[in-house]
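Data first, discussion second: the structure below is written as structure tokens.
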Amino acid sequence: MPFWAERAWDARNGGFFEALDMSGRGLNGIPRRVRAQARQSYVFARCTLAGWVNETEQAVEGLERLKAHAWQAGGMGGWSHLLDDQGQVIDARRDLYDHAFIILACAWVFKASGDSTYRDLAFETLDFVETKMASEQGGFIEGIGAPLQPRRQNPHMHLLEALMALYETTDDPDLLPRIAGLRNLFDGTFYQSDCGQLLEFFTDDWLPHPQQGHVLEPGHFCEWVWLLAECERLTGWSAGEAGAALFANAMARGRNSRTGLLYTSMDTSGQPIDAGSRTWMQTEWVRAASVELKRGNPLAAELLELSCEGLLKHHLGPAVAGGWADAIDSEGMSRSANMPGSTLYHLVGSLIELAGLHSTDMSGEVSCGPVGAEEKPTSTV
């Protein structure tokens, strides 16, 4: 975190770098995604609350600059999609994925700073999503000014994460029906209970997409393991069997036997489509294994150790201290051109979960909870 606190910010132009080179220097000339800017503000707020750094000011400054350049640009409301180095809008589409991460960042910056401006901005962003991006077929459209197909589970997954964070940091009960709506979309559409798989791509009416509906991502299986557990923690709604099934499938069918890492993607029969790996999916394996360990899965301790070993061997160990080799091919060789700053969000998520494991022998008998978070009473909703 000190490495990124020193290097993530562009002192010349302002804002966060989209990526660093492999030696840790900030790169210009790469379009800056609004979602990636928001993720960095989230990271510094979340890690400040965890007591790992003291970077509320950087988290706030990142959101303020983003608000000045991307918020309601062009007069249509919402947040633009891409900025250049100087903060000028170069893609004005309104993207659902971006808005989810704005809400997530605002929730935790509000918690870290105590400034209600960011709570209000989160709800303004949510209002835009609900009034301008709601779909008659359920869920939300991919974006405004962008292709609407294929519809994806991924931005909805992150919107659920963001709304749960906003609920955790504001205690606003009006968020519970929205959280329930997204959870129902998972239960009824994304998750295939007969085979324990998570579909990614859909048509307008939420049928599997004819060209891409067979593509699965084991990293997203693992993300949902954590999300379902988090939803249970915050609302009291049972995670059911889905989390355990997704984790089991990711472990049984989603790993490269040569590298031990999760596939980037596979098909519905378990055959790899892209047998390489990215840092983020390994961190989600770490996080999911931590959740399963807390749940008493007897295989989780070994699988958690394997996930950490793979992450260190292939992604973190070969890189400059504090960075990562982001992309690994199917043989375990690095194919990384740079270090995407957005990956820090995933690493922090896994570290927060690991820090919540208080057992020293990894026996499964643990007393744990997310760092910096307060337990909530079970919801009656």
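Taking every alpha-carbon pair under 8 Å whose residues sit at least 6 apart, the chain reaches a relative contact order of 15 percent. For the chain, the fraction of 1.4 Å probe accessible surface lying on carbon and sulfur atoms is 49 percent. Summed over the residues of the chain and divided among them, the accessible surface reaches 39 Å² per residue at a probe radius of 1.4 Å. Considering only alpha-carbon pairs that sit under 8 angstrom and 6 or more positions apart, the relative contact order computed for the stretch 1-92 is 26 percent. Could you pull the accessible area for MET22 with a 1.4 Å probe, rounded to 10 Å²? About 70 Å², ignoring ligands and nucleic acids.
In the stretch 1-88, the convex hull through the Cα atoms has an average projected area of 5.6 nm², a quarter of its surface area. Taking every C-alpha pair closer than 8 Å and separated by at least 6 residues, the mean separation divided by the residue count of the stretch 74-122 gives a relative contact order of 26 percent.
The values are calculated or read from the model by the stated rules, or taken from the named source; none is laboratory data. Bear in mind the structure is a predicted one, so any value in this text is a computation, not a measurement. The protein model used for the area step is the full one, side chains on, heavy atoms only, and it has no ligands, DNA or RNA in it. Shrake-Rupley method; radii C 1.70, N 1.55, O 1.52, S 1.80 Å.
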